[in-house]
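Trainee: This structure is in structure tokens; I'll ask about it shortly.
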Amino acid sequence: MTRAEALAALAALLGPKGFIDAPEAVAPYAADWRGLETGAPVAVLRPAATEDVAACVRLCAGAGIPIVPQGGNTGLVGGTVARAEHGAVTLNLGRMDRIREVDADGFTLTAEAGCTLHQVRAAAETADRLFPLSLGAEGTCTIGGNLSTNAGGILTLRYGNARDLALGLEVVLPDGRVWHGLRRLRKDNTGYDLKHLFIGAEGTLGVITAASLKLYPRPRRVETALVAVPDPAASVALLGRLRDATGDALTAYELMPRFAVEGARTYLAVEFDPFAAPSPWYVLAELSGGGDLRGRAEAALAAALEAGQAADAVFAETEEHRRRFWRMREGLSELGRRVGGAVHHDVAVPVTRVPDLIAQAAAALAALVPGCRPYPFGHVGDGNIHLNVARPEDMTREDYLARAPEITRTVHDIVTALGGSVSAEHGIGGRKRDEMARVKSAVELDLMRAVKRALDPMDLLNPGKVLP
């Protein structure tokens, strides 16, 4: 079958709602979320059922047409951009948005890949359950994309990342066959656990079309505290103290520099500083569960104040109060666009090495680009730090971003030396392929390439992504 014949067959299969090739209609699916890269898919396919996904993949495979799977297109590493040189179609799963089943007694939920994270969380809440994956983009990102990138988020400390929340998958393979792996078993020791091949693979090994997910009891009580700490080392010590004192009721534990408060005021018009004196660092801690959470947390914080691990602390007394705490934290992701140039890094190190990472990166970056403004923040509870670096105030955006590769190499070298990862939760996509080739061992790369060749020998699924 020729490309033209395959495209005509795809148009006939999907109809006008599912086959898009007019340039103005394709455009919203072609660019990445940050606007850093715009692709050129020959068409956008929007199937509404698994059998249609399978038929699309078979037609494309028969004609040698590459496929770029896409969920909510909120990724940060160019993973869903269909680059012009590949002549690919974009396979958007947004129409596959049914919640197939909620089993409240079994604490599971089965959802199609195009369901937004918000939709999944709301369905769980309706059944008085919690689906604990929580991201800033939850209104747009989809569960298929979350699983394909092994998304993390603010509750990883307590519940794990997307990989830990999946019980089973339904996947369309590169040859168009469907793996019906939607098992809801907590224990299944029958050979290789195949779902883990596709979680985190960014659509390079198969197209996730549905997932069976773990649910949890809804927290009956939530306590949120903002704590002023002297340095990152104190935040790590306080983390252990709070986990011990509260019976591991800590669900989120976020480190923020003073830049969070000042940046929120300057760039986001959010005026909120509950302390009498500024602090160089803050921790946003959230606990959930039952019993006297507040009392146990207050006792732990009092001990931390006595030990010099904290300078002050305040609890949210209302939901609005809590939202304002979180607005400061969530606003840090927006500041890179507001400061007129920033280089972003999504890295992870062992929790106890977070202070070393921040100190070593600050020193190395100050020597490399004098006047640059690092503002590391994020999930210190699981070692995932977003080590972003704003441009010097006296340097143009263009001149600064031209130095991004050497800034990134400097940060990643430190991360690697500390036993860390150059991608904690955003994935590899197309932008980090070269870095992965630089930091991964030859054995690791050979194993990953062998899996890719075995499942997708024609390299039709998301070509040019993940593997160098």
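The values are calculated or read from the model by the stated rules, or taken from the named source; none is laboratory data. Owing to the predicted nature of the structure, the values given are computational and were not obtained by experimental measurement. Glycine gets a Cβ as well: all are built from the backbone with ideal geometry, and neighbour counts include every protein chain shown.
Trainee: For region 8-65, what are the residues that are more than 24 Å from Leu169 (Cβ to Cβ) and hydroxyl-bearing (Ser, Thr, Tyr)?
Mentor: Result: Thr38, single match.
Trainee: Taking only pairs six or more apart or across chains, which ones have beta-carbon atoms under 9 Å, a first residue in region 74-90 that is more than 19 Å from Thr149 (Cα to Cα), and a second residue that is surrounded by fewer than 20 Cβ atoms within 10 Å (Cβ to Cβ) and among the β-branched types (Val, Ile, Thr)?
Mentor: Every condition considered, the pairs that remain are Gly87/Val42; Ala88/Val42; Val89/Val42.
Trainee: Please verify whether region 423-437 includes one or more residues that are modelled with pLDDT of 95 or more, assigned to a helix (DSSP H, G or I) and either closer than 20 Å to His86 by Cβ or not assigned by TED's automatic domain parsing to the domain that holds Ala137 (or both).
Mentor: no
Trainee: Which residues, taken from region 209-262, are farther than 30 Å from Leu185 by Cα, in contact (Cβ under 8 Å) with a residue 24 or more places away in the chain and among the small types (Gly, Ala, Ser)?
Mentor: Ala225, Ala228, Ala233, Ala234, Ser235, Ala237, Ala245, Ala260, listed by residue number.
Trainee: Here is a follow-up. Could you say whether any residue in region 363-375 is among the small types (Gly, Ala, Ser), surrounded by 19 or more Cβ atoms within 10 Å (Cβ to Cβ) and more than 17 Å from Val261 (Cα to Cα)?
Mentor: Within region 363-375, not a single residue is among the small types (Gly, Ala, Ser), surrounded by 19 or more Cβ atoms within 10 Å (Cβ to Cβ) and more than 17 Å from Val261 (Cα to Cα).
Trainee: Let me ask something else. Could you tell me which numbered condition Arg337 fails, if it satisfies all but one of (1) without any contact (Cβ under 8 Å) to a residue 12 or more places away in the chain; (2) surrounded by 14 or more Cβ atoms within 10 Å (Cβ to Cβ)?
Mentor: For Arg337, the failing item is (2).
Trainee: Sticking with this structure for a sec: Do we have any residue at all in region 310-328 that's surrounded by fewer than 20 Cβ atoms within 10 Å (Cβ to Cβ), at pLDDT 95 or above, of a type in the set (Asp, Glu) and not assigned by TED's automatic domain parsing to the domain that holds Glu406?
Mentor: Among the residues of region 310-328, at least one is surrounded by fewer than 20 Cβ atoms within 10 Å (Cβ to Cβ), at pLDDT 95 or above, of a type in the set (Asp, Glu) and not assigned by TED's automatic domain parsing to the domain that holds Glu406, which makes the answer yes.
Yes/no per residue for (1) assigned to a strand (DSSP E or B); (2) among the aliphatic types (A, V, I, L, M):
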| site | (1), (2) |
| --- | --- |
| Ala359 | no, yes |
| Ala363 | no, yes |
| Ala366 | no, yes |
| Leu387 | yes, yes |
| Pro392 | no, no |
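Trainee: Continuing with the same structure: Looking at this structure, is Arg265 assigned to a helix (DSSP H, G or I), within 22 Å of Leu130 (Cβ to Cβ) and of a type outside the set (Phe, Trp, Tyr)?
Mentor: Criteria not met by Arg265.
Trainee: May I ask you to list the residues in region 234-256 that are in a loop (DSSP other than H, G, I, E, B) and hydroxyl-bearing (Ser, Thr, Tyr)?
Mentor: Passing the criteria: only Thr246.
Trainee: Another question, if that's okay. Taking the criterion of being more than 23 Å from Ile385 (Cα to Cα) and among the basic types (Lys, Arg), would at least one residue in region 313-324 satisfy it?
Mentor: Among the residues of region 313-324, not one is more than 23 Å from Ile385 (Cα to Cα) and among the basic types (Lys, Arg), which makes the answer no.
Trainee: Among the listed residues Leu305, Leu301, identify the single one that is in a helix (DSSP H, G or I), in contact with a strand residue (DSSP E or B) (Cβ under 8 Å, 6 or more places away or on another chain), buried (at least 18 other Cβ atoms within 10 Å of the Cβ) and of a type in the set (A, V, I, L, M, F, W, C).
Mentor: Leu301
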